[in-house]
Structures are given as structure tokens and as C-alpha cells.
1. Considering (1) of a type outside the set (Lys, Arg); (2) over 26 Å from Pro42 (Cα atoms); (3) surrounded by 11 or more Cβ atoms within 10 Å (Cβ to Cβ); (4) modelled with pLDDT of 70 or more, say which one Glu270 fails and leave the rest.
2. Exactly one of these conditions fails for Val81: (1) open to solvent by 20 Å² or more (accessible area, probe 1.4 Å); (2) within 28 Å of Thr333 (Cβ to Cβ); (3) touching a residue at least 24 places away in the same chain (Cβ under 8 Å); (4) touching a Lys or Arg at 6+ places or on another chain (Cβ under 8 Å). Give me its number.
3. Which one is nearest to Thr116 (Cα to Cα), of the residues in the stretch 1-42 that are touching a helix residue (DSSP H, G or I) at 6+ places or on another chain (Cβ under 6 Å) and of a type in the set (Gly, Ala, Ser)?
4. Give the residues of the stretch 5-19 that are open to solvent by 60 Å² or more (accessible area, probe 1.4 Å), assigned to a helix (DSSP H, G or I) and either in contact (Cβ under 8 Å) with a residue 60 or more places away in the chain or not basic (Lys, Arg) (or both), sorted by residue number.
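The values are calculated or read from the model by the stated rules, or taken from the named source; none is laboratory data. What you see is a predicted model, and the numbers here were worked out from it, not measured in a lab. Positions of Cβ are generated from backbone atoms using ideal geometry, with glycine treated the same way; all protein chains shown enter the neighbour counts. Accessible surface is based on the protein model in full, side chains and every heavy atom, while ligands, DNA and RNA are left aside. Shrake-Rupley method; radii C 1.70, N 1.55, O 1.52, S 1.80 Å.
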Amino acid sequence: HLGERSRILKMKNYYNGLNEGIKNRVYSDNNKPSNRLYSAYPSYITDNFVGYMLGQPVTYKSDNESLLEELNLSFLYNDEVDNNTTLAQEQSICGYAYELLYIDEDGNVRFKCVDTEDTIVVYDNTLEAKELFAIRYIANEENKGLVYVYTKDNTLTYALEDNKIKQLINEEQNFFIDVPIMTYENNRQRIGDFEKVLSLIDAYDFANSDTANDFEYFTNALLVISGVTMDEKDEEGRPLNFKENRVINFVDNDGKAEYLIKNINDTALENYKNRLNLDIHKFSNVIDISDKNFGNNLSGIAMKYKLLGMENIASIKESKFRKGLMKRIEFLTHFLNLSINSDYT
């Protein structure tokens, strides 16, 4: 799971604005500008998809009003709207999300989105791909912590030390119908919404950083003095470092003083960054709200066409999300039948 964990943490770093491409970029010359500008494309893509899909909270309907009332009470107790948003965000960033059901100290059923990087779900090899068991591990910097194993029958808690399970320290009965974990896939391939455009995002960050470097070069331009010989010592008699003092001095037949600057092709740079911007929106299927043509007296048909790509991706995400919600309701209904001796279906 370490390889998958690294991928998930990388995706979360990008979402949090710590784009690893520009963060890990190596500049060979320490005396030159080395700006690292981070773009917020990953969070822009995820937040727009989450808002587009769950801007209006999920609503539920049932002919069984008594069951619906019990479920709504449980949803209210668990802050279901906020939990759904967290699940959708995790689903978008990581490519999938996990939700755990458990019983709290008051005997009430709880459901909560858990960190994807800390959770492993093992499935059987049948067409139904049923969950065999789930693992959630929490370790500190010293590789000590706890490992929780959730099966159809019970929940086992183990001590973790040096990344190895040492001993069983607790066992509790599982009162749910099956392994108490829900899976919310982003798509069948479990790919995050901005994962396919990471290289384009890195290229955009590089271009922006290089532009900032060029302007800093311009601000810190070297002064070239030719035709005369300058005193190569400062006022205190120390040798001058012409590179640090940003001066180049040499003798030739034509005496002059001028700044050595690098020509910046603004047009080519802006065209390159604009193309990257277009490609990032195109291949992530997120609408560019800053586009001057967006919403500018567009007809309903034109607006629908512009949102077609985003709508197609959202439809896939919603169908996967609905599958997790239906399983949650199935588990809650089963628990209600046990706890209040009802016969809900």
C-alpha cells in the first residue's frame, strides 16, 4: 500500500497548493533567481466539480415515511451534508473515497469519511467484488500506532510498532450487515479529477516561475563598464566580487557603461501560458469561468454546450456516488431493524 499511499499524498499536496513539480525543481546556479510559483489549478478543478455536483444537497424520497424520518434523524446527527461534501472532495482528489460506519459511546450509528491514504479495502475476486475486510492504520513519526481491521463479524484492534502488527489489544462485535465501509469511486479507473493534467500544471508553474526569474534578471541586471580599469577593492581593501556586486569590468578600445539585460519575449511566453491554461481546462473538463466569452449573452443552448464536458464527468461521478449512498442506507436500515426491532426494507 505504500506506493498507493504516496500517490494519494502527492495528489493532496497538489490540492493544498504544494505542487511537487515546481517544489522539487532543481536550479543549478544558486546565484541566479529561483522563483517557485505555485498555481491553484488542482483546488480550482476539485472545488468546481464538488460544487457542481453537491451545490444542492442530496435529497431523499421514500414511500415509507417512518423509515425516511428515522434516516433523516441519523443524517442530522451525523452532519450528513458536510460529510457528503468531504467525501466528494476526497473522491475528486484521490480518485476514490472511503466512509466508515461505527457505533458511538451513546449507542448511535455514525458514518464518517476517513483518510484515503490510511485505509485499505480488500475485495474478493468474484464479479460482485465484495469487501472481504478493511484495514485502517494510524502511525506516528516513530512508526508506532494502531491498526483497525473491520470484518463482517467484528472489529479487531492491533498495536503497531516498526510498521509491524505486534498484538491484538481489543475486539468488538460488528452489528452491521457486512464490512462497515462504503467506497465512493470517482470513476472505474479511480483517477482523480486533476490527475491527468498534472504535467500541464507543472509546465504552467515552470513557465510562470521562469517569467518571474526573467523579470528578476532584468531588475538585477549586470552593469558592464568597459574602456577603463576599476579599482578591484572596496573601501576596506577587500577584493571585489564582481558577480555579487553585479558589475563586469574589462578594457577595450571603446569606453562605455551599460546594463547587460536579457531580452524577454513577452508575446511568446503569454501565448505559451494561455495554451497551457486552455489545455488544462480542456482535458480536466472544467469550465474556465474567467473566459471573457463565458456568460457573455450566451443562449441556453450555447451555455449547455460549454458545460457539456463538465456535465459528462459529473454524471459519472454522481452514479458512483449514488452507489455508496445506497449502500449506506442499506446498512443504516439493517441497524435500525436491530436496534428498534422494526421491519424496514
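1. Failed condition: (2).
2. The single condition Val81 does not satisfy is (4).
3. Per the stated criteria, the residue is Gly21.
4. Restricting attention to the stretch 5-19, the residues satisfying the condition of being open to solvent by 60 Å² or more (accessible area, probe 1.4 Å) are 5-6, 9-10, 16, 18.
Of the ones still in play, those that are also assigned to a helix (DSSP H, G or I) are 5-6, 9-10.
Result: Arg5, Ser6, Leu9.
Yes or no, residue by residue, for (1) touching a Leu at 6+ places or on another chain (Cβ under 7 Å); (2) touching a residue at least 40 places away in the same chain (Cβ under 8 Å):
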residue: Gly55; (1), (2): no, no
residue: Ser74; (1), (2): yes, yes
residue: Gln89; (1), (2): no, yes
residue: Leu100; (1), (2): no, yes
residue: Val121; (1), (2): no, yes
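So that you can scan it fast, the table gives a plain yes or no per residue for (1) open to solvent by 50 Å² or more (accessible area, probe 1.4 Å); (2) of a type outside the set (D, E, K, R); (3) on the phi > 0 side of the Ramachandran plot:
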position: Gly21; (1), (2), (3): no, yes, no
position: Asp29; (1), (2), (3): no, no, no
position: Asn35; (1), (2), (3): no, yes, no
position: Gly51; (1), (2), (3): no, yes, no
position: Gly55; (1), (2), (3): yes, yes, no
